[in-house]
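Peer 1: Pasting a structure here, questions to come.
The values are calculated or read from the model by the stated rules, or taken from the named source; none is laboratory data. On a predicted model such as this, the values are computed, not experimentally measured, just so you know. Cβ coordinates were reconstructed from backbone atoms using ideal geometry, including for glycine residues, and neighbour counts include every protein chain displayed. The area values use the complete protein model at the heavy-atom level, side chains included, leaving out ligands, DNA and RNA. Shrake-Rupley method; radii C 1.70, N 1.55, O 1.52, S 1.80 Å.
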Amino acid sequence: MPKNAALHARRLAATPRGVGVLGDFFVERAENAVLWDMEGCRFIDFAAGIAVLNTGHRHPKLVAAVKAQLDAFTHTCYQVVPYEGYVQLAEKLNQIVPIDGPKKTAFFSTGAEAVENAVKIARAATGRSGIIAFSGGFHGRTMMGMALTGKVNPYKLNFGPMPADVFHAPFPVDLHGVSSADSLKHLHMLFKADIDPKRVAAIIIEPVQGEGGFYSVPKPFFTELRKLCDEHGILLIADEVQTGFARTGKTFAMEHYDVKPDLMTMAKSLAGGFPLSAVTGRADLMDAPSPGGLGGTYAGSPLAIAAALAVLDVIETEQLNARAERLGAALKEKLASLKPVVPQIADIRGLGFMVAVEFNKPGSDEPDADFAKKVQTEAIKRGLILLTCGVYSNVIRFLAPLTIDDATFAEALDILDAAMKA
Ligand code: PMP
């Protein structure tokens with residue numbers, strides 16, 4: 001039996017279906033924007049481990065930094081015997097994260113854990129319990145992450161009850177008939193019908209929804225949200241787990257806005273494939289939890305910290321923000337050129353290289369998830385890994401490494417062309 005098929009059969013027997021897997025091929029090795037499966041088939045990787053590899057697979061600077069760390073020490077638990085890298089990375093993030101005033105940073109391992117801890121910090125700092133999130137938002141698969149996530153199937157299905165005091169407002173997406181005014185009206189309604197605003201600790205929002213479909217928060221809406229927070233003493237948490245680290249053409253998506261959050265969550269591309277997440281926030285808020293209230297056995301692993309310091313160096317030296325702008329513009333141009341021949345294309349959008357294309361049934365407003373799935377399948381057949389997203393699963397999102405070389409990028413656009421027309 002071919003290696004992929006044999007492993008696929010073993011996977012089905014040994015692991016639960018709840019851990020859903022995109023394809024039936026298994027990786028053997030990877031380099032920058034390309035990976036090879038166990039039978040030697042080559043794939044251009046436009047999933048990048050779901051927005052984790054903005055600096056590509058195995059960037060030489062990352063590999064060197066992690067190797068050096070392996071040779072020094074691999075684990076002490078930061079809370080038992082601390083190390084300089086943790087402090088150094090915190091100092092660096094405090095410098096570059098777009099939050100006003102003195103800042104502090106704590107490290108964790110996953111995006112969901114960063115979200116959990118941002119909520120803990122917000123509750124400790126405000127003495128309040130309520131948290132408001134948005135429909136279509138994604139914040140993780142832990143209990144609170146899942147509760148905050150604004151999509152039932154599959155994330156919340158059969159996992160209830162959810163933690164108390166979590167509320168959702170509709171995320172403003174004009175394309176789906178939800179204006180910023182509608183969303184604000186709903187927030188005011190929440191304050192009337194469900195929770196006194198003085199009991200709300202925080203509002204959490206992705207500046208560009210990731211899993212939800214790559215919709216950006218409209219600028220005036222963010223300004224209104226900040227005003228609402230200030231009026232009621234509510235903290236604003238920006239979840240930059242998917243948008244961070246040059247994906248949108250800025251180091252953080254919040255830099256596209258005039259608004260400053262109070263707390264920010266980061267993960268994914270922060271450490272280029274090593275499990276690391278962070279919460280950076282106003283120092284006074286970050287110091288609210290008591291000593292021992294934050295942390296974790298693996299939180300801020302020295303190997304991941306070493307990788308993250310290399311990632312920040314690569315973003316700067318290889319000017320990945322500018323590269324994201326250039327690649328994103330070229331991709332959007334390609335998609336626009338396909339619009340006349342692919343009537344399912346309803347919208348092309350994106351900040352920097354966080355680009356998506358949304359499909360509706362031709363001549364209607366009805367989401368076309370089948371077409372998105374078909375494009376994805378045809379692309380994978382031709383050696384290009386694409387991801388779908390969106391509340392209606394009718395969106396293809398593009399998350400290629402920002403370090404992709406021009407020839408591979410051009411090859412990927414050709415495959416995309418063929419897959420869309422297939
Ligand atoms: N927040 C956002 C915005 C995300 O995109 C994700 C992951 N897709 C998470 C939180 C959860 O991150 P993790 O899977 O690392 O727990």
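Peer 1: Taking every Cα atom in segment 348-392, find the radius of gyration and the maximum pairwise distance Dmax, and write them in Å.
Peer 2: 11.4, 31
Peer 1: Binning at 20 angstrom from zero up to the longest distance, how are the C-alpha pair distances of the chain distributed in percent?
Peer 2: Each 20 Å bin holds this share of Cα pairs: 26, 59, 15, 0.
Peer 1: With respect to the cross-link table entries Lys156/Lys185; Lys92/Lys373; Lys156/Lys268; Lys268/Lys332; Lys103/Lys185, which display a Cα-Cα separation exceeding 30 Å?
Peer 2: Lys92/Lys373; Lys103/Lys185
Peer 1: Dipole magnitude of segment 26-136 about its Cα centre, charges +1 at Lys/Arg Cβ and -1 at Asp/Glu Cβ only, in debye to the nearest 20? Walk me through the intermediate numbers first.
Peer 2: Values: 11 positive and 11 negative charges, 89 e Å.
For segment 26-136, the charge dipole is close to 420 debye.
Peer 1: By the gyration tensor of its Cα atoms, with a ≥ b ≥ c the square roots of the eigenvalues, what is the shape of segment 138-271: rounded for a/c under 1.5, prolate for a/b over b/c, or oblate?
Peer 2: rounded
Peer 1: Let me ask you something else. Just add up the charged neighbours of Phe73: K/R +1, D/E -1, any other residue whose Cβ is under 14 Å from the Cβ of Phe73.
Peer 2: Values: positive: Lys67; negative: Asp71, Glu84.
Net charge in that neighbourhood comes out at -1.
Peer 1: Taking segment 217-279 on its own, what percent of its Cα-Cα pair distances exceed 15 Å?
Peer 2: Within segment 217-279, distances greater than 15 Å cover 53 percent of Cα pairs.
Peer 1: Which three numbers, in whole Å and largest first, are the semi-axes of the equivalent ellipsoid of segment 282-397 derived from its Cα gyration tensor as √(5λ)?
Peer 2: 38, 20, 15
Peer 1: Where the Cα atoms of segment 222-366 are projected onto their three principal axes, how long is each span, largest first, in whole Å?
Peer 2: The principal-axis extents, from largest down, are 60, 41, 26 Å.
Peer 1: Counting heavy atoms of the protein chains only and a 1.4 Å probe, report the per residue accessible area for segment 62-317 as a whole number of Å².
Peer 2: 39 Å²
Peer 1: What percentage of all Cα-Cα pairs in segment 165-242 are separated by more than 16 Å?
Peer 2: Pairs farther apart than 16 Å: 50 percent.
Peer 1: Stick to Cα atoms and the Kirkwood definition of Rh, then tell me Rg/Rh for segment 92-199.
Peer 2: A ratio of 0.99.
Peer 1: What share of the DSSP beta bridges in the chain is antiparallel, in percent to the nearest 5? List each step's numbers first, then the result.
Peer 2: Numbers: 34 of 50 bridges.
About 70 percent, rounded to the nearest 5.
Peer 1: Roughly how large, in nm² to one decimal, is the mean projection of the convex hull of the alpha-carbon atoms in segment 361-422?
Peer 2: Approximately 4.6 nm², given one-decimal rounding.
Peer 1: I need the phi-derived Karplus couplings for segment 267-281: 6.51 cos²θ - 1.76 cosθ + 1.60, θ = phi - 60°, integer Hz, Gly and Pro marked x.
Peer 2: 6, 6, 5, 3, 10, x, x, 9, x, 8, 9, 8, 10, 10, x
Peer 1: Now for a different question. What order do you get for 42-54, 2-14, 284-296 when each peptide is scored by the mean count of other beta carbon atoms within 10 Å, highest first? List each step's numbers first, then the result.
Peer 2: Details: 42-54: 21.8, 2-14: 12.5, 284-296: 14.9.
Result, highest mean Cβ count within 10 Å first: 42-54, 284-296, 2-14.
Peer 1: What does the charge count near Gly212 come to, summing +1 for each Lys or Arg and -1 for each Asp or Glu among other residues with Cβ under 9 Å from its Cβ?
Peer 2: -1
Peer 1: Further question on the same structure: Whose amide H sits under 5 Å from the amide H of Phe134, counting only residues 5 or more places off or on another chain, with H placed in the peptide plane?
Peer 2: HN-HN under 5 Å from Phe134: Ala169.
Peer 1: Same structure again: In whole angstrom, how far apart do the alpha carbon centroids of segment 64-143 and segment 264-314 sit?
Peer 2: What the calculation gives is 3 Å, centre to centre.
Peer 1: Hey, if you drop one equal point scatterer on each alpha-carbon of segment 1-126 and run the Debye formula without solvent, what base-10 log of I(q)/I(0) do you get at q = 0.10 Å⁻¹?
Peer 2: Log-scaled intensity ratios, in q order: -0.55.
Peer 1: Now, a different point. With only Lys, Arg, Asp and Glu charged, each at its Cβ (+1 for the first two, -1 for the last two), find how big the charge dipole of the chain is about the Cα centre; round to the nearest 20 debye.
Peer 2: Rounded to the nearest 20 debye, it is 620 debye.
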